[in-house]
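Novice: The structure is given below, and queries will be raised subsequently.
The values are calculated or read from the model by the stated rules, or taken from the named source; none is laboratory data. Source: prediction; values computed, not measured. Using ideal geometry, Cβ is built from the backbone for each residue, glycine included, and neighbour counts are taken over all protein chains shown.
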Amino acid sequence: MEEMERKTGFLRRLDTMLGEMGPFRATTVLTAIAAIAALGVLLIGAMLGGPPVTWTVAITAIAVTFVVATPIVLYSQYMIRKLRDSRRALKDVTSRLAVAVDNAEQGNRAKSTFLANMSHELRTPLNAIIGFSEMIRDQHIGPVGNERYLSYAGDIHVSGRHLLDIINDILDLSKIEAGKMSIEAAEEFELSTVVETSIRIVSPIAQRGQVSLAADAPTGDIRLVAVERMVQQILINLITNAVKFTLPGGSVHLAGALHADGSYVLTVRDTGIGMSKEEIARAIVPFGQVEHAMNRKHTGTGLGLPLAKAMIELHGGGLVVRSAPQQGTQVSLIFPAERVVLQQPTLAQRAAR
């Protein structure tokens, strides 16, 4: 080991010394060393019984060595210096890239913290706006006396609810990005109940858009160990997106299936406008709305898919999007086997089926 370190140290010192010389001086030194080595080989051969070394033979050997070795050594010196320059440039780029990544991470953390703080600051006055506008709209204290005021109060209430939903989405995504959202509150619950509730919430939107909405609700045998609020939020986001980008007369269907590996997959399938591969990649990025004429008919931040993806991944699952332009979209939620509980039905439940 020590011998190897000594050799490495010698080569490093030699490399440093040659590097301090110019390429031509270094080439001259190395070629001279090669010529002396060639002459030494001839002398050793003569000592061992080989042909004698005359001045003619010695001069010829030195000349041939210089002629052959000089271009090779010169080219090698050129390449070594190019490699050394490239290594320095690569080291510099790597250093700057590390600084840029660190700055980007700090900026992302600062952005998430800012959004979380702003969302908290906005929620308090919004809750007051929503509460008081609801009181005026429903005339809890007494009659308003002017139908237009009632209409305005209703508009304020609807707009406030919509803005609060957006803020809640931003807050949830900020928490996930900052690593502050956990699933410690995960409990076992019946999946069919969450599916039915999600369908019921989105049904009025589907009716207004003249979109058929149906679901093959999972049976009571299927239960999940997850954060129920998150699963419901995921489903509402996905179903709402599907309805929003489906033309009147189209349909949205939700179905579930238990796979052989124990995982459970919920799939939201629509007959809507669809997306290309590039649009899918953009849609799953926060705030990355796909540019389309239908966007102008519907408000939103583009957080539906990214938030659903982040929440299902918190549970160890995954989200898969399959789509093609004018051929609809299929979004699959994959719950891993460790999150799925199969409950054996009772005799009464079997008889009811």
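Novice: With respect to the numbered conditions (1) of a type outside the set (Lys, Arg); (2) touching a helix residue (DSSP H, G or I) at 6+ places or on another chain (Cβ under 9 Å); (3) more than 14 Å from Met311 (Cβ to Cβ), which one is the sole condition not fulfilled by Gln210?
Specialist: (2)
Novice: Quick one: would you say Gly256 is out of contact with any helix residue (DSSP H, G or I) (no Cβ under 9 Å at 6 or more places or on another chain) and of a type outside the set (Val, Ile, Thr)?
Specialist: Values: out of contact with any helix residue (DSSP H, G or I) (no Cβ under 9 Å at 6 or more places or on another chain): no; of a type outside the set (Val, Ile, Thr): yes.
No: the conditions fail for Gly256.
Novice: Let me ask you something else. Considering only the stretch 217-245, how many residues are in contact (Cβ under 8 Å) with a residue 60 or more places away in the chain, over 18 Å from Lys309 (Cα atoms) and either among the hydroxyl-bearing types (Ser, Thr, Tyr) or in contact with a Ser or Thr (Cβ under 8 Å, 6 or more places away or on another chain) (or both)?
Specialist: The total comes to 4.
Novice: Here are the criteria: (1) of a type outside the set (S, T, N, Q); (2) assigned to a helix (DSSP H, G or I); (3) surrounded by fewer than 12 Cβ atoms within 10 Å (Cβ to Cβ). Tell me which single one Pro51 does not satisfy.
Specialist: The single condition Pro51 does not satisfy is (2).
Novice: Of the residues Ala69, Ala153, Ala61, only one is modelled with pLDDT of 85 or more and over 41 Å from the mean Cα position of the chain (by Cα); which?
Specialist: On the way: Ala69 fails: modelled with pLDDT of 85 or more; Ala61 fails: modelled with pLDDT of 85 or more.
Among Ala69, Ala153, Ala61, only Ala153 is modelled with pLDDT of 85 or more and over 41 Å from the mean Cα position of the chain (by Cα).
Novice: Which of the numbered conditions does Ala128 fail, given that it passes all the others? Conditions: (1) in a helix (DSSP H, G or I); (2) exposed (fewer than 13 other Cβ atoms within 10 Å of the Cβ); (3) over 38 Å from the mean Cα position of the chain (by Cα); (4) not β-branched (Val, Ile, Thr).
Specialist: Condition (3) is where Ala128 drops out.
Novice: Enumerate the strands (runs of 3 or more DSSP E) found wholly within the stretch 162-269, keeping only those where 3 or more residues are surrounded by 14 or more Cβ atoms within 10 Å (Cβ to Cβ). Step through it out loud before you land on a result.
Specialist: Values: elements: 187-190, 212-215, 222-226, 251-258.
Per the criteria, 212-215, 222-226, 251-258.
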